[in-house]
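The values are calculated or read from the model by the stated rules, or taken from the named source; none is laboratory data. For clarity, every value in this text was computed on a predicted model and none was experimentally measured. For neighbour counting, all protein chains shown are included, and Cβ atoms are generated from backbone atoms with ideal geometry for every residue, glycine included. Surface accessibility is based on the protein's heavy atoms, side chains included, excluding ligands, DNA and RNA. Shrake-Rupley method; radii C 1.70, N 1.55, O 1.52, S 1.80 Å.
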Amino acid sequence: MSRIIRPQTTDELLKRLAQESEGLSGNDRRDFLRKGVTAAAGITAAAFAGRSLAEESGGSTSNLPPHEPSWSRQLGHGVVEHPYGSPSAFEKDVVRRTVPWLTAESISSISMTPLAELKGIITPNGLVFERYHAGVPIIDPDQHRLILHGLVERPLIFTMDDLMRYPSVSEIRFLECPANGGMEWKGAQMEALQFTHGMLSCCEWTGVPLRVLLEDAGVKPEGKWILAEGADGAHMSRSIPIEKALDDTLVVYAQNGERLRPEQGYPLRLFNPGWEGNTSIKWLRRIEVGDQPWYHREETSKYTDLLANGKARKFSFVQEANSVITNPCPENPIRHSGFIEIEGLAWSGRGRIKQVDVSFDGGVNWVPAKLKGMVLPKALTRFSLEAKWHGQPWLLQARAIDETGYVQPTLKQLREARGTNSIYHKNSIHTWKVAANGEVTNVQIT
Ligand SMILES: Nc1nc2c(c(=O)[nH]1)N[C@H]1C(S)=C(S)[C@@H](COP(=O)(O)O)O[C@H]1N2
Ligand SMILES: [Mo]
């Protein structure tokens, strides 16, 4: 069950960390220090993590040259034995997971991406988090139709074939459920990155800009909003302003090179870059152009944010800048003294990430991290900072700044603005506590 731990001050946390490292028993402490020293000695020979042959020969050498391991002495399986490939059996723990107490039913629930195990910025299709309101419909693409009607000159019906004749675009963009981090509003309770930030993915999406379809249909001047509706049992629908629909909204049929997965909306979904995931209607079957939002009528999903004064924030479409450290994290404790690459992900629904800073002391001092690989608008961006660790307690944080100059808020700032009753849009700076034994836990700083 949930175990909510209220936020503490940086001082309190640092004091507790110091006590914990004092509290290690004599043996643990000596053991820990000895290991630290061996690893530190290794650093002069190999700056990062390789081990010397002399060290290795202390262990087993039966699989080292000139010996042949068992897998080198037999034939492997041939081509197309697995016509659609899957990960190595040794990677069986890298999977989506859900929090059992979160929802009563798995058909109206959410699973999370295992962010701690992923590299780069692309989420493999089989690991993209899933969110359904009525389970996954099985849709024959030949039977599927998209209807575009309402305040348009020429109402249109598209088959999948029709849609795929349009010139296509491919864009790498993140998708985040606005409830990401929602279980952490009242206090820290999830002891895994997968559960604190895993309602998040980043794929290369391929499809047609909605603008092109709207231009073919001819939006009437009164057309100010669209309603997008899904073909699942929930017929989930959302109102989207026409400005977004004519800007970068996509109607997508492929994801990371292959057709959409059923979980992600096969054969067709809407994709609103940078916006709340729930606006990206899956199993898309209808787009209606109207003169006002459908909030007061048939829209099935009204996402609002409840404020401390009892009022609700509406139209909070954009996923503001956010970041989290993925190494170390509860799933990736520090196992070696010496060199460590602090790594993480940053993203902003408003554009590119400009800068990410890392703090080791709960936000008192900040060091700029390096942005690695591609830095794309509205996409996950990987950051990295090389550091040395010798058992010192850390309160690790990352802080993202996007190209609009927006700085990711502290939890205190976010709570002051939004209270603690919200479920949505929790993008505050996250803290991992690194203990003297390298274990990482989730804490919050007031
Ligand atoms: N038709 C339909 N579209 C939907 C949903 C749904 O239940 N039905 N869930 C929404 C929500 S709340 C989110 S966060 C995203 C999740 O997309 P994903 O399952 O591809 O990760 O899909 C959105 N689109
Ligand atoms: Mo969502």
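Take the conditions (1) of a type outside the set (Gly, Ala, Ser); (2) open to solvent by 20 Å² or more (accessible area, probe 1.4 Å); (3) under 30 Å from ASN427 (Cα atoms); ILE147 misses just one of them, which is (3).
Residues of region 312-336 being hydrophobic (A, V, I, L, M, F, W, C), part of a strand (DSSP E or B) and closer than 16 Å to LEU200 by Cα, which ones?
Step one: of region 312-336, the residues hydrophobic (A, V, I, L, M, F, W, C) are 312, 315, 317-318, 321, 324-325, 329, 334.
When the remaining residues are screened for being part of a strand (DSSP E or B), the result is 312, 318, 324-325, 329.
Those that are hydrophobic (A, V, I, L, M, F, W, C), part of a strand (DSSP E or B) and closer than 16 Å to LEU200 by Cα: VAL318, VAL324, ILE325.
So which residues in region 273-284 are within 10 Å of ligand 1 (Cβ to nearest atom) and either within 12 Å of TRP205 (Cβ to Cβ) or in contact with a strand residue (DSSP E or B) (Cβ under 6 Å, 6 or more places away or on another chain) (or both), if there are any at all? If the condition is that a residue be within 10 Å of ligand 1 (Cβ to nearest atom) and either within 12 Å of TRP205 (Cβ to Cβ) or in contact with a strand residue (DSSP E or B) (Cβ under 6 Å, 6 or more places away or on another chain) (or both), then GLY277, THR279, SER280, ILE281, LYS282, TRP283, LEU284 are the ones that fit. Scanning region 79-109 for residues that are outside any loop (DSSP other than H, G, I, E, B) and under 19 Å from the mean Cα position of the chain (by Cα) yields a single hit, ARG97. If you filter region 311-342 down to residues that are more than 20 Å from the chain's Cα centre (by Cα) and of a type in the set (Phe, Trp, Tyr), you find that the one that is farthest from ASN278 (Cα to Cα) is PHE339.
Does GLU386 count as in contact with a strand residue (DSSP E or B) (Cβ under 7 Å, 6 or more places away or on another chain), of a type in the set (D, E, K, R), farther than 22 Å from ARG16 by Cα and open to solvent by less than 40 Å² (accessible area, probe 1.4 Å)?
Working: in contact with a strand residue (DSSP E or B) (Cβ under 7 Å, 6 or more places away or on another chain): yes; of a type in the set (D, E, K, R): yes; farther than 22 Å from ARG16 by Cα: yes; open to solvent by less than 40 Å² (accessible area, probe 1.4 Å): no.
So GLU386 does not fit the description; no.
Scanning region 77-108 for residues that are of a type in the set (Val, Ile, Thr) and open to solvent by 100 Å² or more (accessible area, probe 1.4 Å) yields VAL79, VAL80.
LYS433 - would you say it is farther than 24 Å from SER316 by Cβ, open to solvent by less than 20 Å² (accessible area, probe 1.4 Å) and in contact with a Lys or Arg (Cβ under 9 Å, 6 or more places away or on another chain)? Here the answer is yes, as LYS433 does meet what is asked. If we scan region 289-298, do we find a residue that is modelled with pLDDT of 95 or more, open to solvent by less than 10 Å² (accessible area, probe 1.4 Å) and within 19 Å of the chain's Cα centre (by Cα)? For region 289-298, residues modelled with pLDDT of 95 or more, open to solvent by less than 10 Å² (accessible area, probe 1.4 Å) and within 19 Å of the chain's Cα centre (by Cα): absent.
Against the numbered list (1) assigned to a strand (DSSP E or B); (2) crowded, with 21+ Cβ neighbours inside 10 Å; (3) of a type outside the set (S, T, N, Q), PHE339 comes up short only at (2). Just checking, does region 395-413 include any residue being buried (at least 19 other Cβ atoms within 10 Å of the Cβ) and among the hydroxyl-bearing types (Ser, Thr, Tyr)? No: zero hits.
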